[in-house]
Every structure is written in C-alpha cells, then in structure tokens.
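The values are calculated or read from the model by the stated rules, or taken from the named source; none is laboratory data. All values reported here derive from a predicted model rather than from experimental measurement. With ideal geometry, Cβ positions are generated from the backbone for all residues, glycine too; neighbour counts draw on all protein chains shown. These accessible areas exclude ligands, DNA and RNA; they are computed on the full protein's heavy atoms, side chains included. Shrake-Rupley method; radii C 1.70, N 1.55, O 1.52, S 1.80 Å.
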Amino acid sequence: MQKRFLFVASLIFALSIYSAVRENIFIGFLAAGILLSEIFYIIFSKLDKNKKLFLCSFIGMFLLLGILVGQRVVRRNENIEKVYFNNKFITFFSDIENIKQVENQIIISTNNINIIGKYQKRNPFKLEKKLKIKRIRVILFDTGDKRIFSVGDRIQVKGKIKSPKESLNPGEFNQKNYLLSNEIDFTVNARSIILIEKRKYSIKKEIEKIRKRIKEGFKKNLPKEEAYLLSFMCIGKSDIENNRNFFDTSNELFRLSGIISLLAISGTHISVVSYFLYKILLKRKKKYILYGFLSAFISVLYSFICNNPISSIRAIIMFFIMVISSMIGENYDAIISLSIAMIAVLFLHPIYILNQGFILSFGITFIVLYGIKKDNYDNMYFKNVRVDTKENLIKDKIKMRIKKLKNSLITCFVISVFSSVIISSLYYEVPLYSFLTNFIILPLFPPLLLLGLTAGIFIAVGDVFISKILLNICHIFLYFYEWFSDKITILPFSNAIKGNINLLILVIIFILFLIIFSEERKKSVLKYLFTFSVFIYILIPKLRKNEAIKLNLPNGQGAYECHENKTIFIDGGSKKSGIRIDREGNIKSKVGDNIVVPFLMYKGVGKIDEWIITDSSYLEGLFSSLKKGVNVGKIITSKNIGKSDEFIIIKELAKLNGTKIVFIKE
C-alpha cells in the first residue's frame, strides 16, 4: 500500500512538471485523471478516515507542487530570453567546467558565473537579481588557445549571445530543448577569452588528471579503437576529436545491436561498482555502517569522475536508501527508492524532465523493477526435488538450470519489449534483437567494467605490469562485443524503423502494463500475451498516409511525398553546406544527417521508392539515407549531374545498397 501511494505521487509530480514546462494540456489531464482515480481508490479502501484524508492530501500536494515548480521554470526561461537575448554582446567571469572539441570549434562549459557590464547598469526588466545563470556554453574557434586553459580555471569571456535554434522540421534535433534539459541557459560565441586565474589545485582539475592518465594507459596497452571504447565505458566520454570516425561507427554498431547503453556511463555502471564494493565489505561483518557509507562515498567519487550523468545520480540515491534501510533494519523496496529518487531529482532539477537520459534511466529502471517480480519466477525451481539417489539429484539440478535459463530469456524479452517502446518514442527505431544481446552481453558487462576500472586504478598508481594483464583480458571481452554486435546487425529485420509513436498509444500501453503486471495479477499467460502484442505493434510499420511535406532547409530544398503507398523524395540538400570531408578525412553531410534522415525516421519511412535529384548541390539527404541503410528503390537524375564529382560517392553507395540509378535527358 505504501509503495503504491509513493509511486503514484512521484508519477503525478513528474507529469505535472512536464505538463507545465511543455504546456501540454493532455499530460495535465492525465496527471489529474491519475490523481482522481487514486483518490477514489483511497475512499473505497478499508483505511480509517484520518489515513484517507492524509493520503488524499499527500498525493494532491504533489500535483500542485509539480505545477508550481514547472511554472517557475517557464517564467525563469522567459525572463532569461527577455534580459539576455535582446542584448547581443555580453561580458562575464566564470569557472571552466568542461572542455571539448567538435571539428574546428572548442566548446567550453562554464559555471559559477558573474555577469558584468550593461546587464547590471541598464536592465529595463529589473530581473537581474532574481536570475542566477547556472551554466553558459562558450564556443571558440580553434586557434590553439585550448592549451592554456584547463578545467577549474577562472576566465573572462567577451562575446555575442547566440539564440538556441528550435527544430523547424519533424524529427530534427531541437537545440533549445537540449540546452535547457542540460541546464545550459544560453550559448556565447566568444570574441576573446582572458585567463584570470590559473588554479593550481581544484577537485575537478585533479579528477581530470586522473581521467587523462587512465585514458593514456588504455591507449598504450590496447588497440586504438578498443582503448577509446573501454575509456568511454569506464570513465565517460573521451576526448575524441582525433578519432570521431571510430565513435560514429561504433555508436551505430552498438545502437543497432541494442547495447548502446553500455557505452554511456549510466546507473548500471554505478550499481555494479557500489553493490560489488558493498558485498565485499559486508563479508567482514563488523563495522557494516562504516563500510556502507564507504562504498557509497566511492560510488559518489566514481560518479564525479564520470561527470555526474543523471542516471548515476538516480543509482546513487537508490543505493544510499538501500544502505540506510539495512542499517535501521527495514526491508528495502526498490520501487519506493526509485520514487524517492525521482522526486528528489525533479525537485532540485525540474528541467531534467525534458532530458532523454532522465526518461530512459527512470523509465527502463521502473520497467525492470515493476515488470519482473518474484511471482514471475514461481515456476523457476521445482518445489519437490527428489533426493533419493545421486542420479535423480543431478537430473533435477539440470532441469532447474534449464528452467532458470528459459525464464531468464523470457525476462530479457519482456524488459526489451517495453524498453523498446520508450526507445522508439525518443529515437524512432528499435533494435529487435536487443533481448538476445542483453541475454548474452549483459552478464559479461560487470566483469568487463570491474576489470577495466581495476586496470585504471593500477594505471593511476603507476603499476604498469598488472594493468597490462588486466587490459589483455579486457581485449578478449571487447573483441567479442564487437564481433557479436556485428553478427546481430546483419540478421534480417535487425532494426525496425517505427517512427513517432502517438502519445495516446504510449499512455495506453503503460497503463495496461501497470494493470497487467500488478502484484494482484499473477497469471503469466495474460502477461506474456500482452508483451507479445506490444512486440507485434513495434514490428508493424507505421501506416503511411497521403501527404506532401516541404522541408525547411537552409539555402536548399527538399520535399517528401506519399501517394497511394508510394514514397517519393525530391532533392534534400543545401548549397551552403553540401557533402564535405572534414580534417580527419571523414565524409560528412550536415543537412542529411541532422535534418533529412531524422525526418524519415520520425515519419517511420524505411523505404523511398523514387529519389529525384535536380541539382548536384542537393545530394546530402540521399547520401546520408544510403549511408544509414534506408531502402532507396530508384534514383532519378540527369546525365550531367551523374558526371559530377559529388555523384561518385552516391554511385558507390547505391551499388552497395542495390539501388538502381536512372539517368534522364534534361
């Protein structure tokens, strides 16, 4: 009972914040509907009047609190736009939080900001004292200045405020939402950066030194690609400006095979480290309170080294609750701790409700905890085990192992299906064999992570010999990861392009999930039937309707048309950008990768019957689609365009994909 009310309160709190921030009336009515249904449940329960009144007030308070918190976020963002976006130039002091390089730009994330100049003297809105800027992203063109800056330094920045871009086409990356969800208030194109204070010692700087030392140790003892991959798995995103092509390829490979979550630091990583330490320390039996807090402290330190992703914050809060509950002798309930973690994170950082990492972390964790309960394993072991002879005992053990293996595979399938619903709603495609990769790869992940972290510790303290032995073992794991992922992606129907899922359908699926997988219902047949139905829904392509859409492309043109189930795409490129080769020698297509392909994914279009090209400058969308693996039946263009240098790459990709090219007279 207690678990139910706390979970419902956290759900109402999250939905009401989202409704206020996104101004979504449907989500607001959904939160109110859940509240009313829960109030009716409380009224007709057998609780006494005082408890009923308390629980109704408790849950209703979270609806009101969520709306107030969400409205506060909206007002703050509106005030920032009024105060800062109307003024083109800005000068401020700040501390460097992070430095990374993307192509020819150095991006510096800053915090502890002190804005100076006309914003304090001439502020017609009189909002400066109320507005505390949390984080500013500074963009500086690569002039070699990166070498004099490091994490923790105090700098003065003068530059021009750059308004964040909102998506102009369906499926396009929304820069404004991305910046807001990461608590970045705005972006500044720096004209000058002056080093104010070179701090010799800071916690962030020391952590960055440890990260750098571990990465260098990985590079010396592993092949280049595996070194970057292991550092990405163990300590977060690497400084990848010199090896971006590998990360583009590897991310695509692991994403299509369904194990991309293992690349990014997540709650899984924190859970593996914290629970492993806690179990080892508990074996000593004495001073378990001290050991509990020690393992929690190490987990927090590890999260800092990994730059504190949202999922790690969730895992740490849940681990702290588990440690505290064991200290006071109470039973630990994972759903209660997940609910408390959600309320805590959203109360401190309500804008995280827009963050995809938040949605994936809390959503998939809830699916695992709620959908896989003890009643799903009632038949895992035989209750009457024959012990009359040794042979019978061995046979029963074999049967139990087979039964356990079968139930584990079913468990992976159930988790993967409902996780795929969340993934497809965010990324519009689903790796269909993710349940198989999770069944085989996930059990190998904890030993790989612990071996990599142990090797990193020995590298940090200067022991090269032991770290080299451990990294050689990691090499075997990583090679198997890549080999298995590659084999999965070549299987038929390995990736389903589902397109954007209607919000109403999404809500219906998870309401039925809550009802069917509730503790009161123990019939496995209904659960498996519902899971299989959702899996079939994911498999079925999105119904195409007759429509014609013109894309909004910078200095270019592109149009999509669907008529009687026949799809046609015209051009899809920009004269301003075009297909280009970056300084690492990788072929890039800005409009194709960022606009055209996401648009097709959003629409659920996995096949284009005819792609018409009218100008050699408009090849970006076609290039990116062929590279992505979109099934293009026929390319129609003129002979003159076919003779252009840009079209050579298209010919090679078309040959690999089995796409016909038809040349017509102009």
A 1.4 Å probe over the protein heavy atoms gives the range 405-475 a carbon and sulfur accessible-area percentage of 78 percent
Would you mind computing, in nm to one decimal, how far apart the modelled labels at K397 and R199 are, each placed 7 Å from Cα along Cα→Cβ?
5.8 nm
How many nm separate the modelled label positions at K176 and N98, each set 7 Å beyond the Cα in the direction of the Cβ?
2.3 nm
Under the Karplus curve 6.51 cos²θ - 1.76 cosθ + 1.60, θ = phi - 60°, whole-Hz ³J(HN,Hα) for the range 172-179, x wherever Gly or Pro sits
5, 4, 9, 5, 5, 5, 4, 5
Explain nothing, just compute: Karplus ³J(HN,Hα) = 6.51 cos²θ - 1.76 cosθ + 1.60, θ = phi - 60°, for every residue of the range 330-345 in order, whole Hz, x for Gly and Pro.
9, 6, 8, 10, 5, 5, 5, 5, 5, 5, 5, 4, 5, 4, 5, 5
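By how many nm would the segment from K655 to N331 grow when fully extended, if each residue of separation counts as 0.36 nm and the alpha-carbon distance is taken off? All intermediate terms of the calculation are to be shown ahead of the outcome.
Working: separation 324, 0.36 × 324 = 116.64 nm, distance 6.14 nm.
Taking 0.36 nm per residue and subtracting the Cα distance, the gain is 110.5 nm.
Could you sort out which of K52/K527; K550/K660; K498/K590; K545/K607 sit more than 21 Å apart by Cα distance in this structure? Numbers along the way, then the final one.
Numbers: K52/K527 32 Å; K550/K660 25 Å; K498/K590 23 Å; K545/K607 14 Å.
Exceeds cut-off: K52/K527; K550/K660; K498/K590.
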Per-residue HN-Hα couplings for the range 19-29 [Karplus 6.51, -1.76, 1.60; θ = phi - 60°; Hz; x = Gly/Pro]
4, 6, 5, 8, 6, 9, 5, 4, 5, x, 5
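Pop the C-beta distance of I476 and E216 into the FRET formula with R0 = 22 Å and round what comes out to the nearest 0.05. Walk me through the numbers on the way to the answer.
Numbers: r = 22 Å, r/R0 = 1.00.
For I476 and E216, the calculated efficiency is 0.50.
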Can you give me the solvent accessible area of E482 with a 1.4 Å probe, rounded to the nearest 10 Å²?
60 Å²
Taking R0 as 60 Å, what FRET efficiency do you get between I538 and T454 from their Cβ-Cβ distance, rounded to the nearest 0.05?
0.95
How far apart, in nm, are the 7 Å Cα→Cβ label points at R75 and K132?
1.6 nm
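Just to confirm the filter: which chymotrypsin sites (Phe, Trp or Tyr not before Pro) across the range 268-346 are DSSP coil and have at most 16 other Cβ within 10 angstrom of their Cβ? Please list the in-between numbers first.
Working: sites: Y275, F276, Y278, Y288, Y291, F293, F297, Y302, F304, F319, F320, Y332; in loops: Y332.
Hits after loop and neighbour filter: Y332.
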Counting only the heavy atoms of the protein chains, how much of I398 is accessible to a 1.4 Å probe, in Å² to the nearest 10?
90 Å²
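Taking all protein chains together and a probe of 1.4 Å, list I184, I457, I194, I359 from the most accessible to the least accessible.
Values: I184 20, I457 105, I194 80, I359 60 Å².
Per-residue accessible area, sorted high to low, gives I457, I194, I359, I184.
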Looking only at the range 182-196, which residues have a backbone nitrogen under 19 Å from a spot 7 Å from the Cα of K160 in the C-beta direction?
186-194
